[in-house]
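Here is the structure we will look at, set down as structure tokens.
The values are calculated or read from the model by the stated rules, or taken from the named source; none is laboratory data. Everything quoted here is computed from the prediction, not taken from an experiment. Neighbour counts run over all protein chains shown; Cβ positions are idealised from the backbone, glycine included. With ligands, DNA and RNA removed, areas are computed over all heavy atoms of the protein, side chains included. Shrake-Rupley method; radii C 1.70, N 1.55, O 1.52, S 1.80 Å.
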Amino acid sequence: MLPSSYTVVLIVPTGIGAAIGGYAGDALPVARAVSQVADRLITHPNVLNGAQLYWSLPNTLYVEGYGLDRFASGEWGLRPVIQNRVGLLLDRAIEPELRLRHLQAADAVRATLGLNLTDYLLTDAPLGVELQTAPSGAAWGTLRNPDSLLRAAEKLIHQAGATAIAVVTRFPDDFDSLALQNYRQAQGVDPLAGAEAVISHLIVRTFRLPCAHAPALLPLPLDASLSPRSAAEELGHTFLPCVLVGLSQAPQFVLQSSPSGEGMIDRPQAIDIWSNQINAVIVPASACGGSAILSLSNSQVKIIAVEENRTRMQAPPETFGIQALRVNSYLEALGVLIAHRSGIAPEALRSAIDPIQPLQSE
């Protein structure tokens, strides 16, 4: 009997200059297409966030990257929800006018989309984001005051009843930087993405709660040669709407037992999703060294590596002994998914098939 719910994980790692998914929500068309082939799609904010642009995908679960890693390892499960109560956490470093822009965006999604938000909270100190670039060209970053971030999140959870956290942090403006100019031309790495991941990872790891991040920046000067892949971030004063929409129904993380194995933490429910229910995962062919892929490579999951989605990484599946099916494009990956869920070997759809061979004895 074929699986009752064909489940696909779509991964485009953050901050590594992916040709598709390395810019302003430009992997969202891929997610939309995959969601039509799969019964259930699991992916992360980097794929679905398009600043003020978003798309409702009822069968898609919005899972922060650290949580996705823990899910893939089998340590955490995912519990779909009808509605989260989203706590809005603002960096004290955000200037009053820019802060007001973000509060108006929050009010807009409450009034226009009907989302459930708590009262907002400012951190007790500026968070102090510092951007860094690795030798590979990948982006990352640090916080000078991570404790302030955690104190604010804890208040939103325990005093305001937040079940998901949206963070807006003031990022450095560097209008003249080469990295930013390259990014706007879809030729470089998102200079913010690595630091954004650090922020959301810290909250998810500490509180086991859905979280996503939106940077606060001053509007950029107009650029007539702007790439369509970067254009979503040029539409207004805030990237917050897509984050609030994603978090509004992001699944909660569940844990069957404590790390020491001492008893149940969450009572199992029939709707819970675990890594052993994943049927296929799609990932850029040069970015197969992440925790989620390494965990899933030890299972029966079909791993599809897309060569066209080039990145700054040099981590092909063969380096890690991962049995992956390489495809040229996401269009070809969609065909593989259809064949796989139908129980058809993909090679049977090609014009030439090699003869069956005898098994070689050791």
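Can you tell me which residues in segment 193-211 are assigned to a helix (DSSP H, G or I), open to solvent by 40 Å² or more (accessible area, probe 1.4 Å) and charged (D, E, K, R)? Break it down into steps so the answer makes sense when it comes.
Taking segment 193-211 and keeping what is assigned to a helix (DSSP H, G or I), we get 193-207.
In the following step, the residues that additionally are open to solvent by 40 Å² or more (accessible area, probe 1.4 Å) were identified as 198, 201, 205-207.
Passing the criteria: only Arg205.
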**Q.** Residue ID - surrounded by the most Cβ atoms within 10 Å (Cβ to Cβ), chosen from residues in segment 26-55 that are without any contact (Cβ under 8 Å) to a residue 24 or more places away in the chain and within 24 Å of Glu233 (Cβ to Cβ)
**A.** Ala27
Q: Any chance you could count how many residues in segment 61-105 are farther than 28 Å from Val129 by Cα and either aliphatic (A, V, I, L, M) or out of contact with any helix residue (DSSP H, G or I) (no Cβ under 8 Å at 6 or more places or on another chain) (or both)?
A: 8
Q: Taking only segment 1-25 into account, find how many residues are open to solvent by 20 Å² or more (accessible area, probe 1.4 Å), in contact (Cβ under 8 Å) with a residue 40 or more places away in the chain and not small (Gly, Ala, Ser).
A: 5
Q.
Checking the structure you have, find out if any residue of segment 144-153 is out of contact with any strand residue (DSSP E or B) (no Cβ under 6 Å at 6 or more places or on another chain), within 24 Å of Pro13 (Cα to Cα) and surrounded by 21 or more Cβ atoms within 10 Å (Cβ to Cβ).
A. yes
(Q) Anything in segment 155-192 that is over 24 Å from the mean Cα position of the chain (by Cα), within 12 Å of Leu88 (Cα to Cα) and either open to solvent by less than 10 Å² (accessible area, probe 1.4 Å) or without any contact (Cβ under 8 Å) to a residue 40 or more places away in the chain (or both)? List them, or say none. (A) Lys155
Q | Close pairs from segment 92-109: first within 12 Å of Val168 (Cα to Cα) and touching a residue at least 40 places away in the same chain (Cβ under 8 Å), partner open to solvent by 90 Å² or more (accessible area, probe 1.4 Å) and not in a helix (DSSP H, G or I), Cβ under 8 Å, at least 6 apart | A | Ala106/Tyr120
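I'd like the full set of residues that are of a type in the set (Val, Ile, Thr) and either at positive phi or surrounded by 20 or more Cβ atoms within 10 Å (Cβ to Cβ) (or both), limited to segment 297-335.
Once the filter is applied, which keeps residues that are of a type in the set (Val, Ile, Thr) and either at positive phi or surrounded by 20 or more Cβ atoms within 10 Å (Cβ to Cβ) (or both), segment 297-335 yields Val301, Ile303, Ile304, Val306, Thr311, Val327.
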Q: Go over the candidates Val336, Val327, Val306 one by one and state the one that is touching a helix residue (DSSP H, G or I) at 6+ places or on another chain (Cβ under 7 Å) and within 20 Å of Asp190 (Cβ to Cβ).
A: Val306
